[in-house]
Each structure stands twice: as structure tokens, then as C-alpha cells.
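The values are calculated or read from the model by the stated rules, or taken from the named source; none is laboratory data. Being a predicted model, the structure only gives us computed values, none of them experimental. Methodologically, a virtual Cβ is constructed for each residue, glycine included, from the backbone with ideal geometry; neighbour enumeration extends over all protein chains shown. We work out accessible area using only protein heavy atoms, side chains counted, and drop any ligands, DNA or RNA first. Shrake-Rupley method; radii C 1.70, N 1.55, O 1.52, S 1.80 Å.
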Amino acid sequence: MKIIACYSNKGGVGKTATSVNLAYISAMSGYRTLLCDLDPQGASGFYFRVKPSKKLPHNTFFDDVGKLVSAIRASDYEKLDLLPANLTYRDFDIFLSRMKNKRSRLKKALKAVDSDYQVIILDCPPNISLLSENVFKAADKIVVPVIPSTLSVRTLAQLHTFFKDNNYQVKKILPFFSMVQQSKKLHRETMVALQKEYKSLLEDYIPFSTDVEKMGVHRAPVLTYAGKDQASIAYRTIWSDIEKKAKIKK
Amino acid sequence: MEPFVYFLPSTLSLRKLRQHLPLEPHYQVILEQGEMQGAELLDTFDNGLFQAARLLFQVDRQLLLLDLQTGQLFEQAAPAGRPAIGDMAKGPVVDMLLEVSRLRSLLPVVGIRMRRDEGRVLDDEGKTLVRFYHLTIGRGRRKFMGMGCAQYLRGYSEAYSDLWQWLENCGAMACQNAGDIYSGLGIALRQYCVKPELELLPQTPVKESVTAILGTFLKIGRQNEQGVIADIDTEFLHDYRVCFRKVRSVLSLCTGVFDAKDSARLKEHLAAIMRTTNGLRDLDVYLLNRAEYYRLVPPSAHAGLQILFDSFAQKRKGEQKKVSSAMQSKGYLRSMENLEKIFAVSDNIKSGPQAEVSSLTFARRLILKRYRKVCKTGRDLDETTPDQVIHQLRIHCKKLRYLMEFFAPLFPSGEIKKLIRSLKLLQDNLGNFNDYSVQQQFLEKMLASDIASGTKAMVVAHSIGALTAMLHQLQGHERKQIIENLAGFDSLDIRDSFKELFLTEEGADEDNSLLQ
């Protein structure tokens, strides 16, 4: 089982869209896939029409394996299941801070579904918190969408510093450009600059796409209704890159 | 959660299903109707798919397999013609078929009309909660019936239970074997089993029992004739020969039951019939093992093999024609009718001195005698024993197996099966030993053929030499296994079981050496 986290400490960079589409491609590639929505807003679940899990408060998430497993829902797509979020996830950090081994609880909880899935994709909330640290520990790779703008670049640098300062494995971080508008000079220049700085940057990027924006209307991955859109094609390339780098095998 | 595989004696419509929907929670049901098409239900000659609870349909150029145990549907393109399953292009349907048979071909059972509908139950946000498919099937003027399967989706057990309930309210019944469908469509299952369960009584005079055994195997053997003539698959000739070999074995093993002269005449007659098919069966075996021979020789020898197998395939055509016309000849048909008459009633053959002995006494005596022969031959076995003796042992074992199987209905089923199983282990080793012999003979034949001449002669001869050495080595290993397994078969435990089942009270252990 490989755990791929989709994470950024900045909001609005396309994390959920990335999680949803990568999870869909993973399942279509034949991997039994679980998309785990850790963001209390529950947007991943919304895109798949899966209602929030009422019965999974934070204490049971980390403590009661049976409840965690029973909260999993099949999506409308073969081999793709979802662990929907709920609002009690807001208090994850308070709860985690009171626990022993507070940075490895997520890894332990996900072990419960180890035999059911080949790929787990984590859709993470945008902050650096105890939950994020659990993610950093549990994940095999952390894909980070970066809008080629000043703020996003700054947060990517912050993330690297945090990893180094806290002895997390920097090589887990796989940044890629998201919501790219080639018409903008700033985007083009930032991309060139960052490509020099971060060798682990994925080659392809996700262009800004109105089809991706419409995911909320269709309530489905963009690939299901706009498979030929540039963003859809880019998500496929990015997935196959992640597949190789994370050594995901059938 | 288990899928709900169901059989519905009537048709299913969305209207009917909706009538059974509860008001709360609010469900939406979608049923996408397929097209009604002509189709064929297929199975192997020996009902392999029926026995495995699988239904195979050919709709247009597509194969559709339904596994009644799991409710899963598998699809792939249908092959041209009717090749053996092992020769069909790999795919999800063929994977399932291979679990049933590699050598059999698929035959049409019956023509039907069918439609495939795909259904979904959704919640108020359009999320799919349960999926199901439904097949509507009809045959001739019979009314249409249906079958299908509801698949549970993780996390939506409530909707799944609800759909199960609605389907049951519509008349659906759980279905796990193909019998419901066959009877629903009025299909009579073909009666064919190469290992029939005979009904024998212990006190019946052995002549009657033996005649019943002969009659049964002759009949089963003859069921294969049309398949051999039409060259449907190689299993027809295989089963045909198994049955006729059994008939011959019964005649030669059960000495004293029939008049010796009559018995010898019948045996010779049967041997002549078998001889006609020897060439074809040998070629079948070589051709079926083609891939294995390719695997055994280095790639440099493949070109040679290709030439050899092409010539085998060519020869096979001739042999098949020969067998086919022999089986359709008046002489053959007359002799078969004659044999059927002879084996119909025990009075039709002259009795031998043992004819009136009870079946049980006779069987016990014969089986013990053969067991003794196996053990005696086996005890002298070591690494220097000539191959010929091992082949002899193989034949003793085969005869013992036949006897135990023929007379099995006279003994407690569990115990005799246990002994047959232990014998089978030994036979497997002996079979491998024999295969290595046959393969070496094959290579010799290859060396003597045209492919070993010309420019490639040295290369081919070299690889054949290496391969023969390897096979010889494997054969040596198998010999060791045989000695080990023989020790088990000649063990105190097995000996006691044989004694318990087959030793008669009247002291049949005449020379007192039987089980020491």
C-alpha cells in the first residue's frame, strides 16, 4: 500500500481537485484506491456525491479501527472508495496533542485498511499542524500543488524549511505547478526560477482550466466529462510520474 | 457482503420494482434497458460449466459468462469457430473457463433470446448506492424469465438490503446453481459422466456385476463417437479410449467370471478397436504438449520442432479421417451393436468357474491379490532397478486402481476413497516417470527424423542430447520419489486398511504372505 498525500500549507491551490482526479486515475489504472478526506470542509466527498460521515468523530478515527473502516463508502467508480470527512475533524489537533505517539497516529490508523487498498490518497487541510505532521510521517510521497506566484513560492520554501528543521524526509516532497496561466509573465518567470531551485518538481503542470472549475457543477472528476481537456491530460501525466516515483505496483 | 444472485420466474420491469419502493428514505431507481438479441447458451460436452455453477452465453460476437457463486459477469470477444478452451485468446471469460477445462471445446446447449439491463439505486444527491444487472431470458414459446445480481457497494448496506427485499417482493429467489435456469428454460441436462457411480450389490453373483460394469463403460465410451467423428475436441477420443480400456481391463482382470475363450475373443476384438485409435491419440498427446516441448529445448532447436510439429499436424489429419471413417463403417457399428447386446444381460456370455461367487468376495480377493503384487514389485525397487520393472509397477497400480474404482460401490465410500487417494499419489510419480520416458522417446524420434539432417543437424543433435540428459536426471529423481511413496503405500497403516476392507473371513490370505 502506498500513501500519497496531496498537501499545501496554502489554501486555494487546487489540492482537492488534484486529490479527486489523481484518485480517479489511480482507480482507473487498476489500483484499489481509497481517497481519504482529511479536510473538515469535506470537498472531496462533495465532488463524489458522498455525504459526510456522521458517525466518525476524531477520537474514533484514531482509536476505533472498526468505525474507521465502516465509515468508508464506495464511489460511483470501480475500485475507488472514499473516507468522507466531517466537521469534527476541525478538532483533530487538540485531540492529537493529548495522545501518545501523537505524530504517528494517522499511519497507525491507516494500517487498518492496508490489505484493502493499493493506493491511499490523502486530501489534507491547508496548514502546518499536528495533523499535517502525521501526514508527513505516514505518506510515501507528498504532492504539493504550487501556483507560480510569489505567495505560493514562499509557502513551498516554508514547507522545505519545516521538513529540514524537523527531520522529515525532504525527498518525499513532489511539488508541481497548478492553475498555470501561461499568458501571465509572472507565472512563466516563476516557473523557470523554481525549476532551477527544486529538482524534484514534476515535469508537467496543470493549466488553469474552466473545466476543472466546473467539477463542483458536475460533481465528478474532470476526466469523466472533459477527458480531452489539457488539465485532464496533465493530471494523467502527473499521475504516471507519481506512480514511478512512489514505486506503485500492481 | 455477499452479492444477491437471483432467479426470477417472470420478467422484471421498472414499474414492478417501483411498486415495492418505500417512501422513506427517498430512493431513485434507474434501469437502462439493453436490446433483446438472439443468443446461445454454451457448455462443454461433459457439462463442466453447469457443474461449476457458471453460465456462458454467446451474444452476437461476444461471450458473456455469469458466475453464479459470485454473481460476477465477465465478457470478451468470442473466438472464430469452436477451438479448445486452452487455444482461445486470453481474457476474463477464458480465465474462468480454464478453471473448468483446458482441452474441451464449447458446444451450443440451446438457442435463446436475451436482454441485459443495468440498474442503479441512487440517493437524493444522485449518488449510486447499489448496482444490479438483470438478464431477461426466453426460449421458444416459453415465457421469459430473469436472473441477475445485486452488488453491494461499500458503506451502503441499508440500500443494498432494501433492494434485496424489493427484488424478493417481485418474486426473485436466491440462485446458486444452474439447475434453476435450466429447468426454467426447459433444458434437459445431457447425461454424461466418464466416472459413473455404479449400483452394485455385495451378494449379487459377480458375473452380473461385471456385466453391468462392462455395459456401463461401453455405453459411455460410445457417447463419444460423434465427437470423435466431428473432431470437436481431443477429450472425446481420450474418454472413448479410457472407457474401452476399462472394458478390456475388466475382462482381463476378472478371470474366471466368463468362459476363458469368450473372454479372450472379446478382449482381442476390443484390442483391435483400440489399435485403430492409437496413432491419433499419440499425435494428440504430442500436439497438446507442444508448448512444453518448446519450453524444454533451447531456442536454437525451435525451428526443428516447428518442422516436426507441422508434420504431426499433417499426419493427424490423416489419422483423424481414418478413425472417423472406421467409426462410421458398417462393420464397426455392427460390432458395437453386438457388444451392446452381449453386455446387456449376463446370460449372453458363457460363465466361467467364478461366475456365481458373490461380488463382494470376488472383489476383495482380486483387490488384495493386486495389492500384494504392487507391494511385492515395489519392495525390490532400488536405484538400480531396470525401467522395465517400474513400468510394470505402474501397470500393476493402474490395474489395482481400476479394480478399486469398479468395485468401490461395494465398500464404505470414505475408506475406499482414502485408499484410492494414497494410490493416486504413487500413480502420479509413476505417471511422471513414464512421461519422462515418453519424452525421451519423442526426442529420439525427433533425432531420427528429417529435421536432424542438413545444416542444422549438429545444433539440433546437441540440444536434444542436453535435453535427454536432463530428462534422464529428472527421471532418476522421480524414481527416488516412487521408492519413498511406495514405502507409504506399503506401510502398516495402509496395509491394515487393506486388510480391514478386503481380507475375507474365509482366510483368503491363502499363502499367508499377503500382508506381512
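The residues of segment B:160-193 that are closer than 30 Å to B:E24 by Cα and open to solvent by less than 20 Å² (accessible area, probe 1.4 Å), listed by number, are B:Y160, B:L163, B:W166, B:L167, B:C170, B:A172, B:C175.
Test B:L42 against the criterion of being at negative phi and in contact with a Pro (Cβ under 7 Å, 6 or more places away or on another chain), and give yes or no. So B:L42 passes the test.
Being closer than 30 Å to B:S324 by Cβ, polar (S, T, N, Q) and buried (at least 19 other Cβ atoms within 10 Å of the Cβ) is a property that holds for B:Q223. Can A:S152 be described as among the hydroxyl-bearing types (S, T, Y) and touching a strand residue (DSSP E or B) at 6+ places or on another chain (Cβ under 6 Å)? Yes; evaluated as a whole, the condition is true for this residue. Is it the case that some residue within segment B:194-204 is within 30 Å of B:M114 (Cβ to Cβ), surrounded by fewer than 19 Cβ atoms within 10 Å (Cβ to Cβ) and over 17 Å from the mean Cα position of the chain (by Cα)? No - not one qualifying residue is present in segment B:194-204. Per this entry, B:L218 is not counted among residues that are out of contact with any Asp or Glu (no Cβ under 9 Å at 6 or more places or on another chain), closer than 28 Å to B:E356 by Cβ, of a type outside the set (D, E) and not in a loop (DSSP other than H, G, I, E, B).
When we screen A:L106, A:L96, A:L122 for residues that are surrounded by 23 or more Cβ atoms within 10 Å (Cβ to Cβ), more than 14 Å from chain B (Cβ to nearest Cβ) and modelled with pLDDT under 85, the only hit is A:L106. Considering segment B:308-361, the residues that are in contact with a Gly (Cβ under 7 Å, 6 or more places away or on another chain) and under 20 Å from B:F406 (Cα atoms) include one that is surrounded by the most Cβ atoms within 10 Å (Cβ to Cβ), namely B:F343. Checking B:I213, B:I229 one by one, the residue that is of a type in the set (A, V, I, L, M, F, W, C) and either touching a strand residue (DSSP E or B) at 6+ places or on another chain (Cβ under 8 Å) or closer than 30 Å to B:S346 by Cα (or both) is B:I213 and no other. Report yes if A:V143 is closer than 20 Å to A:L22 by Cβ, touching a residue at least 24 places away in the same chain (Cβ under 8 Å) and either over 15 Å from the mean Cα position of the chain (by Cα) or assigned to a strand (DSSP E or B) (or both), otherwise no. So A:V143 fits the description; yes. When the helices (runs of 4 or more DSSP H) confined to segment A:183-235 are screened for residues that are crowded, with 18+ Cβ neighbours inside 10 Å, those reaching at least 2 such residues are found at A:185-197, A:222-225.
Please go through segment A:130-140 and give me each residue that is open to solvent by 20 Å² or more (accessible area, probe 1.4 Å) and touching a residue at least 40 places away in the same chain (Cβ under 8 Å), ordered by number. Within segment A:130-140, just A:D140 meets the criteria.
Restricting to segment A:238-250, what's the tally of residues that are part of a helix (DSSP H, G or I) and open to solvent by 60 Å² or more (accessible area, probe 1.4 Å)?
2
Scanning segment A:213-227 for residues that are within 14 Å of another protein chain (Cβ to nearest Cβ) and of a type in the set (A, V, I, L, M, F, W, C) turns up A:V217, A:A220. Scanning segment B:135-155 for residues that are over 31 Å from the mean Cα position of the chain (by Cα) and over 18 Å from B:G71 (Cα atoms) yields B:G140, B:R141, B:R142, B:K143, B:F144, B:G155.
Taking the conditions (1) at pLDDT 95 or above; (2) under 22 Å from the mean Cα position of the chain (by Cα) in turn, B:R82 satisfies each one other than (1).
Being open to solvent by 30 Å² or more (accessible area, probe 1.4 Å) and within 23 Å of the chain's Cα centre (by Cα) is a description that applies to B:G414.
The number of residues in segment A:11-32 being on the phi < 0 side of the Ramachandran plot, within 13 Å of the chain's Cα centre (by Cα), of a type outside the set (A, V, I, L, M, F, W, C) and not in a helix (DSSP H, G or I) comes to 1.
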